[in-house]
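A short worksheet on the structure shown next.
The values are calculated or read from the model by the stated rules, or taken from the named source; none is laboratory data. The structure displayed is predicted, hence computed values, not measured ones. Cβ sites come from the backbone with ideal geometry, for glycine too, and all protein chains shown count toward neighbours. We work out accessible area using only protein heavy atoms, side chains counted, and drop any ligands, DNA or RNA first. Shrake-Rupley method; radii C 1.70, N 1.55, O 1.52, S 1.80 Å.
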There are 2 protein chains.
Amino acid sequence: MTARYARIAAELRDAITRGGYAVGAQLPSEAELAARFAVSRGTVRQAVAVLAAEGLVGSRQGARRIVLGRERSQSFAELHSFAQWARAAGHRAGGRVLAQRRRGASAVEAARLALRPGEPVLSVLRLRSLEGEPVLLERTVYAGWIAPAVERLDADCESVTRALHDGAGLVLAYGEHFIDAVAAGTEDARLLAVRRGSPLLRQRRVTTTPEGRPVEWSDDRYRAGSVTFSIRNSVDANPLVRQVGDLRPAR
Amino acid sequence: MTARYARIAAELRDAITRGGYAVGAQLPSEAELAARFAVSRGTVRQAVAVLAAEGLVGSRQGARRIVLGRERSQSFAELHSFAQWARAAGHRAGGRVLAQRRRGASAVEAARLALRPGEPVLSVLRLRSLEGEPVLLERTVYAGWIAPAVERLDADCESVTRALHDGAGLVLAYGEHFIDAVAAGTEDARLLAVRRGSPLLRQRRVTTTPEGRPVEWSDDRYRAGSVTFSIRNSVDANPLVRQVGDLRPAR
DNA sequence: CAGTGGTCTAGACCACCAA
DNA sequence: TGGTGGTCTAGACCACTGG
């Protein structure tokens, strides 16, 4: 059963997306929405808070909320799974494992995965494609405790996230992402079919379970021009952080 | 006067940042916090919602909240103003205007700034440095209505955002950011002191007033290795969006 | 000035987690 | 099964916006 506020948020989001409210237009007042949906003002406020967090609407005390944009953020699953994202966006995704081996965690990997250096991890190199073109090179390190489930997967498994969810009951809940630009190395260049030294968009990320247990630490490199990340922020909701240098020190 | 929930959020954030709660540790229950701060449960929930939006804590129904990380997102001002960000992070920022001229808006610029093509805009090229090293090339287009205030600024004005706030009463409230990687062009390479074709981290952004009126559309290019963006997300709060190609079509 | 969103309360019921 | 967070209500007061 979906919560009342979630259904109200969905209805308003649909109206915005379909153009019922233009960008810059005002939303109805909270009292008006409360009457229309027959709920209390608190529930209406929960609903519009969702839209505000998505960056779709903004608000100022004393004035009605305004529409800031018409496109919604993707679901968490779509952001963490290349295959699920591509499918939802209407693209044809492919992928295959190029190399896979067990080894001991390096110092950085251990810090990211909350392990001790030398503890077993599974290192996987995957090449992923969009519309048949190679666009993404993933170098992923899985914590040892999930490694057996990963090794059972097909080499050309389309969605690793989905397979681990269905097969091993693995649920991912939180992620931290670090985005910067790097020059393609020799291996990057060969596999992504670009020249050595050409620009790549790098996204390093760690993903954890609902309990906060790290599952994977990945270095993903996109061919320039293939993918863009976007974020909408405000005085109230400000998820994006800019940092000097390569990466913050490990915890 | 700061709101109660904001002060409670600040106190909890401090405790997390100082290490009073380790990463992975549990937060006190809502009832416990309500008693400790002598507020209702609703107020406590508002406070922890702030921390959740900052990516510091996560929650699951039935279990206590857990600490996910120790570092807080930057303020909106710090994200939009290179100078304010650098100062807050303890770095020495510099910058100067290399070129500045009025012209008519292109089709893309007009769409981004909610103008008609050909309406007057002010185009500015700025080079910004960190610790004396050039790291960022900004190509900014200001809407015509704010151009006079921008033209009154010094060429080596440290913080444009701050100067426009103090001088013209301009308040920025919302932003949308598009992040990808590009190869340095001839001008980029010369000004940032890198080789042509070397990787740059590009952040294009549009910033608007509290009323939703677009102020500036900017193409910012960082030298590779100088800056990293980071984002923490979850099933509930998911601000990051991945898109195919260069940039979504204009609204 | 009336309308609107921002804050806060006190209580209720439920779904879920862990022991 | 008891404690926890998730949802919802009904009402109150305040700060701010806008005509």
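Tabulated results
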| quantity | calculated |
| --- | --- |
| Test: B:Val57 is within 13 Å of DNA strand C (Cβ to nearest atom), closer than 23 Å to A:Glu211 by Cβ, surrounded by 15 or more Cβ atoms within 10 Å (Cβ to Cβ) and within 14 Å of chain A (Cβ to nearest Cβ) | no |
| Evaluation of B:Ala38 against (1) open to solvent by less than 50 Å² (accessible area, probe 1.4 Å); (2) more than 30 Å from B:Ser230 (Cβ to Cβ); (3) of a type outside the set (Val, Ile, Thr) (one fails), failing number | (1) |
| Enumeration of residues in the range A:6-34 that are within 11 Å of DNA strand D (Cβ to nearest atom), open to solvent by 80 Å² or more (accessible area, probe 1.4 Å) and in a helix (DSSP H, G or I) | A:Arg7 |
| Number of the condition not met by A:Arg112 [criteria: (1) at pLDDT below 95; (2) open to solvent by less than 40 Å² (accessible area, probe 1.4 Å); (3) touching a helix residue (DSSP H, G or I) at 6+ places or on another chain (Cβ under 9 Å)] | (3) |
| Verdict on A:Leu137 being more than 16 Å from DNA strand C (Cβ to nearest atom), without any contact (Cβ under 8 Å) to a residue 40 or more places away in the chain and of a type in the set (A, V, I, L, M) | no |
| Unique residue being away from DNA strand C (no atom under 16 Å from the Cβ) and open to solvent by 30 Å² or more (accessible area, probe 1.4 Å) when the list is A:Ala149, A:Ala155, A:Ala105, A:Ala63 | A:Ala155 |
| Condition check for A:Val50: within 12 Å of DNA strand D (Cβ to nearest atom) and away from every other protein chain (no Cβ under 11 Å) | no |
| Checking B:Arg205 against (1) facing chain A (nearest Cβ under 7 Å); (2) closer than 30 Å to A:Ala22 by Cβ, the condition it does not meet | (1) |
| Count of residues meeting criterion [more than 22 Å from B:Glu71 (Cα to Cα) and assigned to a helix (DSSP H, G or I)] in the range B:35-53 | 6 |
| Test: residue in the range B:60-76 that is more than 25 Å from A:Leu51 (Cβ to Cβ) and among the basic types (Lys, Arg) | yes |
| Boolean, A:Arg128 is within 21 Å of B:Val182 (Cα to Cα), outside any helix (DSSP H, G or I) and within 12 Å of chain B (Cβ to nearest Cβ) | no |
| Those residues of the range A:161-192 which are touching a Lys or Arg at 6+ places or on another chain (Cβ under 8 Å) and more than 13 Å from chain B (Cβ to nearest Cβ), in sequence order | A:Gly167, A:Thr186 |
| Helices (runs of 4 or more DSSP H) wholly inside the range A:147-251 containing at least 3 residues that are free of Cβ contacts under 8 Å to residues at least 60 places away in the same chain and within 20 Å of the chain's Cα centre (by Cα) | A:160-168 |
| Where A:Phe229 falls short, out of the listed (1) within 7 Å of another protein chain (Cβ to nearest Cβ); (2) over 30 Å from A:Arg60 (Cβ atoms) | (2) |
| Qualifying residue in the range B:70-92 (condition: assigned by TED's automatic domain parsing to the domain that holds B:Thr207, of a type in the set (A, V, I, L, M, F, W, C) and part of a strand (DSSP E or B)) | no |
| Only listed residue being away from DNA strand C (no atom under 16 Å from the Cβ), among the polar types (S, T, N, Q), in contact (Cβ under 8 Å) with a residue 12 or more places away in the chain and more than 24 Å from B:Ile231 (Cβ to Cβ), chosen from A:Gln74, A:Gln84, A:Gln100 | A:Gln100 |
| Residue match in the range A:71-80 (condition: surrounded by 13 or more Cβ atoms within 10 Å (Cβ to Cβ) and over 30 Å from A:Ala149 (Cβ atoms)) | yes |
